[in-house]
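Below: the structure, in C-alpha cells.
The values are calculated or read from the model by the stated rules, or taken from the named source; none is laboratory data. Quick caveat, the model's predicted, so the values are computed rather than measured. Here Cβ is always computed from backbone atoms with ideal geometry, including for glycine, and neighbour counts include all displayed protein chains.
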Amino acid sequence: MQSKFLYKYPKTLLNKGTGFLSGYSHSLNPYTGCSFGCSYCYVRQMPVSKFRKEEWGTWVDIKKGAADILHKDLTRAKKKGKVTIFMSSSTDPYQPIEQKEEITRTLLEVMVENKPDFLFVQTRSPLVRRDIDLFLLLKDKVRVSMTVETDREDIRKHFTPSAPPISGRLKTLQILAEAGVPIQATIAPVLPSSEEFPEKLATLVNRVCVDDYFMGDGSGGKRTNSLGISSIYEELGLEEWYSPSAYRIVYERLKKVFGDDHILLSQQGFLP
C-alpha cells in the first residue's frame with residue numbers, strides 16, 4: 001500500500017494522557033496516520049481518521065520541527081510535576097517513513113538531554129533497534145514494547161499485510177535484550193497463535209502484556225466490531241478466537257511458561 005506524505009508544523013506535541021492512557025501524564029505521536037494500516041486498528045474509528053477522505057494506512061503527516069517543540073513542551077511540563085510519556089498512542093513511531101525522516105530519533109535525543117520520568121515506546125517495527133544507543137542513555141527510564149500479536153506468519157498476513165514480519169520482531173526483541181534495553185512483548189490484539197508461542201517468547205523476554213479488542217479498543221470492542229474484523233475470523237474458520245474470552249487461550253498457555261507475575265493484562269501492561 002502506497003502512502004501519501006504531507007509535512008505538518010504542529011504547535012504542540014505532548015498531549016494529556018487520558019482514558020486508556022490515564023496512567024501517563026502525556027502521550028506523544030511523532031506522526032499522524034500510519035502506513036502499516038493494520039485492519040483492526042482502533043484509530044480507524046477515531047476522528048483523526050474519520051475526518052480524512054483517504055483510507056487509514058494510505059496517508060501519513062510528518063511533524064516537522066518536532067524536536068524543538070518537544071523541548072519546549074517537556075520543559076514546561078516538568079515544571080508542573082512528574083512527566084511520563086507513552087509513544088505512541090495513535091501511530092507507530094517506527095513506521096517506514098521514520099527511516100528517512102528520523103522524527104522519532106530526534107525526539108529521543110531531546111529526551112536524553114531532558115529526561116522524562118518515564119518513556120514507554122510502543123512499536124511493531126524492527127527499525128526500533130536503530131535507536132539502542134539512545135535507549136541505553138535513558139537507562140531504566142524507558143521500556144520498549146514490541147507488538148507480537150501471533151507467532152503465525154500466515155495469520156499476520158491476513159490481518160496486517162503491510163506490517164513487518166513476525167520473525168523480524170522476535171529478532172529485534174533478542175537484539176534489544178542482549179543490548180540491555182528494558183523490553184516487553186505485547187500480544188495486542190490477541191490473534192490466533194500456536195501452542196508453542198509462549199516458549200518462543202520465553203527465550204526473549206520475561207514480561208508479556210496481553211490485550212484484546214474487548215479490553216483495549218476503548219469501547220468494549222464496539223470500535224473493532226464496526227470495522228467488520230469478525231469476517232476475517234469467519235473466512236479463516238477461527239471464530240472461537242473472536243470473543244471476549246479468547247484471550248484466555250493465550251493467557252493460560254503463557255501461565256505454564258511465565259507464571260502469573262510476568263504476565264500483565266491490558267491496561268496494566270502499559271503502565272509506567
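Values for this structure:
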| quantity | calculated |
| --- | --- |
| Members of segment 66-100 found to be touching a helix residue (DSSP H, G or I) at 6+ places or on another chain (Cβ under 6 Å) and of a type in the set (Val, Ile, Thr), listed by number | Val83 |
| Pair list, Cβ under 6 Å, 6 or more apart: segment 119-136 residue closer than 20 Å to Cys41 by Cα and in contact (Cβ under 8 Å) with a residue 40 or more places away in the chain, other residue of a type in the set (Ser, Thr, Tyr) and assigned to a strand (DSSP E or B) | Gln122/Ser145; Arg124/Thr147 |
| Options Thr75, Thr106, Thr32: the member that is within 30 Å of Leu191 (Cβ to Cβ) and among the β-branched types (Val, Ile, Thr) | Thr32 |
| Failed item, numbered, when Phe118 is tested on (1) over 21 Å from Lys11 (Cα atoms); (2) touching a Phe, Trp or Tyr at 6+ places or on another chain (Cβ under 7 Å) | (2) |
| Those residues of segment 164-192 which are surrounded by fewer than 21 Cβ atoms within 10 Å (Cβ to Cβ) and part of a strand (DSSP E or B), in sequence order | none |
| Pairs, first part of a helix (DSSP H, G or I) in segment 238-256, second among the small types (Gly, Ala, Ser), C-beta under 8 Å, six or more apart | Glu239/Ser230; Glu240/Ala246; Val250/Ser193 |
| Condition check for Leu227: within 16 Å of Pro192 (Cβ to Cβ), of a type in the set (A, V, I, L, M, F, W, C) and more than 18 Å from the chain's Cα centre (by Cα) | no |
| Ile155 vs. criteria closer than 18 Å to Ile249 by Cα and touching a Cys at 6+ places or on another chain (Cβ under 9 Å) | no |
| Selected residue (criterion: surrounded by the fewest Cβ atoms within 10 Å (Cβ to Cβ)) from residues of segment 211-231 that are part of a helix (DSSP H, G or I) and free of Cβ contacts under 8 Å to residues at least 40 places away in the same chain | Ser231 |
| Criterion: of a type outside the set (Val, Ile, Thr), surrounded by fewer than 16 Cβ atoms within 10 Å (Cβ to Cβ) and outside any loop (DSSP other than H, G, I, E, B) - qualifying residue of Glu234, Glu195 | Glu234 |
| Among residues of segment 43-70, those that are within 26 Å of Lys141 (Cβ to Cβ) and either more than 19 Å from the chain's Cα centre (by Cα) or surrounded by fewer than 20 Cβ atoms within 10 Å (Cβ to Cβ) (or both), counted | 6 |
| Unique match (being touching a strand residue (DSSP E or B) at 6+ places or on another chain (Cβ under 7 Å), at pLDDT 95 or above and surrounded by 13 or more Cβ atoms within 10 Å (Cβ to Cβ)) among Val208, Val257 | Val208 |
| Output for segment 42-65, where each listed residue is within 24 Å of Gly220 (Cα to Cα), in contact (Cβ under 8 Å) with a residue 24 or more places away in the chain and either outside any helix (DSSP H, G or I) or out of contact with any helix residue (DSSP H, G or I) (no Cβ under 9 Å at 6 or more places or on another chain) (or both) | Met46, Val48, Gly57 |
